[in-house]
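Working notes, beginning with the structure itself.
The values are calculated or read from the model by the stated rules, or taken from the named source; none is laboratory data. Since the structure is predicted, the reported quantities are computational estimates derived from the model, not experimental observations. Cβ atoms come from the backbone with ideal geometry, glycine included; neighbour counts cover every protein chain shown. Just so you know, the surface numbers come from the protein's heavy atoms only, side chains and all, with ligands and any DNA or RNA stripped out. Shrake-Rupley method; radii C 1.70, N 1.55, O 1.52, S 1.80 Å.
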Amino acid sequence: MMEEHKKARKLYGCSILSDGWTNGKSRVLINFLVNSPAGTWFLKSIDASDTIKNGELMFNYLDSVVDEIGEDNVVQVISDNASNYVYAGSRLMEKRKKLYWTPCAAHCIDLMLEDIGKLKVYDQTLSLARQVVKI
């Protein structure tokens, strides 16, 4: 299966997707996936708990993944739009002139909805909605 993914990314190019999260034990994990017309492939997960999650660190992680996949095969890197990823994306585009960094649309929408949810005008509506989903 992996060979089909490798052929597709060489022929069409691919996107690298990065998603960082903290698990229930406060470990910082960063997942890397590769997407091409052949589908999405989980590449690896990094336990970044012992490191500072900053822009330079994220740049180094993403840059090494681009090297692993092959710079000529990568069209874009997609991540959330936290400041550390914005920095890393800018650095990637400076270093690799044919590559684009794209903020994740779902993450952008999630942040907008969180901000909207903080508006007092929606307090009662959100309170009622939360009661509907309680078990």
message: If I ask for residues that are open to solvent by 40 Å² or more (accessible area, probe 1.4 Å), of a type in the set (V, I, T) and in contact with a Pro (Cβ under 9 Å, 6 or more places away or on another chain), which ones from the range 67-106 would you list?
response: V86
- request: Please find, among I109, I116, the residue that is in contact with a helix residue (DSSP H, G or I) (Cβ under 9 Å, 6 or more places away or on another chain) and open to solvent by 60 Å² or more (accessible area, probe 1.4 Å).
  value: I116
Subset of the range 1-33 that is outside any helix (DSSP H, G or I) and touching a residue at least 60 places away in the same chain (Cβ under 8 Å) - its residue that is nearest to F59 (Cα to Cα): S18
field: In the range 119-135, the residues that are surrounded by fewer than 12 Cβ atoms within 10 Å (Cβ to Cβ), of a type outside the set (S, T, Y) and assigned to a helix (DSSP H, G or I)
entry: K120, V121, D123, Q124, L128, A129, R130, Q131, V132, V133
task: Hey, could you check the range 45-82 for residues that are assigned to a loop (DSSP other than H, G, I, E, B) and among the small types (G, A, S) and say which is nearest to L33 (Cα to Cα)?
output: G70
- line: Scanning the range 32-46 for residues that are surrounded by 18 or more Cβ atoms within 10 Å (Cβ to Cβ) and either hydroxyl-bearing (S, T, Y) or over 18 Å from the mean Cα position of the chain (by Cα) (or both), the one farthest from D72 (Cα to Cα) turns out to be A38
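Matching residues to (1) at negative phi; (2) modelled with pLDDT of 85 or more; (3) open to solvent by less than 40 Å² (accessible area, probe 1.4 Å); (4) touching a strand residue (DSSP E or B) at 6+ places or on another chain (Cβ under 7 Å):
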| residue | (1), (2), (3), (4) |
| --- | --- |
| G20 | yes, no, yes, yes |
| N23 | yes, no, yes, yes |
| I30 | yes, yes, yes, yes |
| K53 | yes, no, no, yes |
